[in-house]
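The values are calculated or read from the model by the stated rules, or taken from the named source; none is laboratory data. The model shown is predicted, which means the values in this text are computed figures rather than measured ones. Neighbour counts run over all protein chains shown; Cβ positions are idealised from the backbone, glycine included. Note: accessible area is taken over every heavy atom of the protein model, side chains too, but ligands, DNA and RNA are not part of it. Shrake-Rupley method; radii C 1.70, N 1.55, O 1.52, S 1.80 Å.
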Amino acid sequence: MVPWPYPRLFAHRCGGALAPENTLAGLRAAARAGCRAVEFDVMLSGSGTPVLIHDETWDRTTDGSGRVAETPDDAVARLDAGSWFGREFAGEPVPTFEQAARMCRELGLAANVEIKPAAGHEAETGRAVALAAARWWQGAALAPLLSSFSAAALTAARNSGTGLALGMLVGAVPADWFDRVARLGCYSLHCDAAYNPAATLANVVRRGVPVLCYTVNEPERAAELLQSGVAAVVSDRVDAMTFE
Ligand code: G3P
Ligand code: MG
């Protein structure tokens, strides 16, 4: 197994609970909190541009509505992704993947880029995100780790030929996890800490596949997981954690 080259703590959706999710303000907040790595979600806009957003629609996290995959870039650029979270974040834009990548590099943040395809756009998104990631992190000491719940997106990312490391995302670890990780050519397994007993995680650790657990917000729980051999945790409360 290649030793885990990333930090052990990733801020969830850029800045966790410190800022509106999937925004540049979140990246700044994570760095300010002393965090050295971030996780964020990337989907394609209607123009085919990779942008940071979790849901398939704009409604929950911006002042807009409608489907991300049907919204052209000029309309994306007019959205406010900060006001829903707090008045001090009013006018915070929906970042492009390029803007987020540049800021990660400026702030020295390692990245776990979650490929979050809109339904029906799995392969296209996996390929586009991998190619863009290879471009934006060209020459970087530490390339981003790409992950996805979508096998089709992971396959397309792998077939892009960029050679970037991939993580297979699941909720509960399935019985056939090892075969699936191998078949998809993944480096790591990312799973929900809430749905996996210690014995399941210990089994993955024993087989030499790096495990990343989300979303872990209590410092004691994070310490316990890392102690058990989990490689890293994704958290909304990076400000509460005492390790990096
Ligand atoms: O990548 C870990 C975590 O972000 C997966 O869940 O729904 O927050 O993207 P979600
Ligand atoms: Mg995510």
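Cβ neighbours within 10 Å, averaged per peptide: list 13-20, 84-91, 162-169 in order, most packed at the top.
Values: 13-20: 24.5, 84-91: 12.8, 162-169: 20.9.
Top of the packing list down: 13-20, 162-169, 84-91.
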Packing-based ranking, highest mean first, of 51-59, 193-201 given that Cβ atoms within 10 Å are counted | 51-59, 193-201
Can you run the Rg to Rh ratio on the stretch 54-96? Use alpha carbon positions and the Kirkwood inverse-distance Rh.
-> 0.94
Heavy-atom accessible area per residue - the stretch 100-228, 1.4 Å, Å² | 44 Å²
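So how strong a dipole does the stretch 112-244 carry about its Cα centre when Lys and Arg Cβ are +1 and Asp and Glu Cβ are -1, to the nearest 20 debye?
The dipole magnitude comes to about 500 debye.
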Whole-Å distance, taken between Cα centres, linking the stretch 1-31 and the stretch 83-143 = 11 Å
If you put +1 on each Lys and Arg Cβ and -1 on each Asp and Glu Cβ, how big is the dipole of the chain around its Cα centre, in Debye rounded to 20?
-> 760 debye
The percentage of the accessible area of the stretch 89-172 (probe 1.4 Å, all protein chains present) made up of carbon and sulfur atoms, to the nearest whole number, is 52 percent
